[in-house]
1. For a quick check of your reading of the model, give me the residue pairs whose first member lies in segment 27-39 and is at pLDDT 95 or above, whose second is charged (D, E, K, R) and in a helix (DSSP H, G or I), with beta-carbon atoms closer than 8 Å and at least 6 apart or on different chains.
2. Closer than 15 Å to V141 by Cα, among the β-branched types (V, I, T), touching a Gly at 6+ places or on another chain (Cβ under 7 Å) and not in a strand (DSSP E or B), is that true of V44?
3. Quick one: is V51 at pLDDT 95 or above, crowded, with 20+ Cβ neighbours inside 10 Å and either more than 14 Å from the chain's Cα centre (by Cα) or of a type in the set (A, V, I, L, M, F, W, C) (or both)?
4. Quick one: which of F136, F62 is in contact with a Lys or Arg (Cβ under 7 Å, 6 or more places away or on another chain), under 19 Å from I49 (Cα atoms) and among the hydrophobic types (A, V, I, L, M, F, W, C)?
5. For segment 72-86: of the residues being of a type in the set (V, I, T) and more than 17 Å from I27 (Cα to Cα), which is modelled with the lowest pLDDT?
6. Quick check on my filter: what residues within segment 123-136 are touching a residue at least 40 places away in the same chain (Cβ under 8 Å), surrounded by fewer than 19 Cβ atoms within 10 Å (Cβ to Cβ) and part of a helix (DSSP H, G or I)?
7. Kindly establish whether D89 is in contact with a strand residue (DSSP E or B) (Cβ under 8 Å, 6 or more places away or on another chain), more than 16 Å from R30 (Cβ to Cβ) and surrounded by fewer than 15 Cβ atoms within 10 Å (Cβ to Cβ).
8. Pick from segment 92-109 the residues that are part of a helix (DSSP H, G or I) and touching a strand residue (DSSP E or B) at 6+ places or on another chain (Cβ under 6 Å): which of them is farthest from N24 (Cα to Cα)?
Amino acid sequence: MPTPLTGSPDGRGRKVAIVVARFNSEITDRLLAGALRGLAAAGVDDANITVTSVPGAVEIPFAAQRIVGRNDAVIALGAVIRGETSHYDYVCDIVSNGVMRVMLDSGCPIAFGVLTCDTDAQALARAGDGDDNKGFEAARVALEMADLTKKVSALGAPLSLGFGGRA
């Protein structure tokens, strides 16, 4: 039976950055509170947390790109609410593709805590006070992936995926 390689959500000694959009701040402030609560519960020292505020979700990938090298993981937080125009689709594509590109180009895990909802009520339901707050969940994901990244790096050379890609 193979031994699974998994990450630990233990945050002691980890440096984590949070990029949070100010647009839809009623929701993103709650996501940020959840992420900070999650990091604290995992043992991340306040001095090792950097919070960068950006105007909206579109700016998240750029800010993440500027800070990835200084951190073990990044948490991206935002809220995109569907409106009456196609703007929603463009913003969702830009932020999701941008964050993925930064993550893959840098090799630094970025937890995607950007809500893409049809209504304010749906977004607020995902930004509540409990452990199901998507900011809280993103904090755990970021820490697990930071640990997994360290473990995979310790194995040495990247593994081939069999199609020319790299693990």
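The values are calculated or read from the model by the stated rules, or taken from the named source; none is laboratory data. Fair warning: this is a prediction, and the values are worked out from it, not measured in the lab. Please note: Cβ atoms are built from the backbone with ideal geometry, for glycine as well, and neighbour counts cover all protein chains shown.
1. I27/D120; L31/K134; G34/K134; G34/E137; G38/E137; G38/R140
2. Yes, satisfied.
3. no
4. Going through F136, F62 in turn, the sole match is F136.
5. Out of the qualifying residues, it is T85.
6. Once the filter is applied, which keeps residues that are touching a residue at least 40 places away in the same chain (Cβ under 8 Å), surrounded by fewer than 19 Cβ atoms within 10 Å (Cβ to Cβ) and part of a helix (DSSP H, G or I), segment 123-136 yields only L124.
7. Details: in contact with a strand residue (DSSP E or B) (Cβ under 8 Å, 6 or more places away or on another chain): no; more than 16 Å from R30 (Cβ to Cβ): yes; surrounded by fewer than 15 Cβ atoms within 10 Å (Cβ to Cβ): yes.
It is false that D89 is in contact with a strand residue (DSSP E or B) (Cβ under 8 Å, 6 or more places away or on another chain), more than 16 Å from R30 (Cβ to Cβ) and surrounded by fewer than 15 Cβ atoms within 10 Å (Cβ to Cβ).
8. Across segment 92-109, the extreme among qualifying residues is M103.
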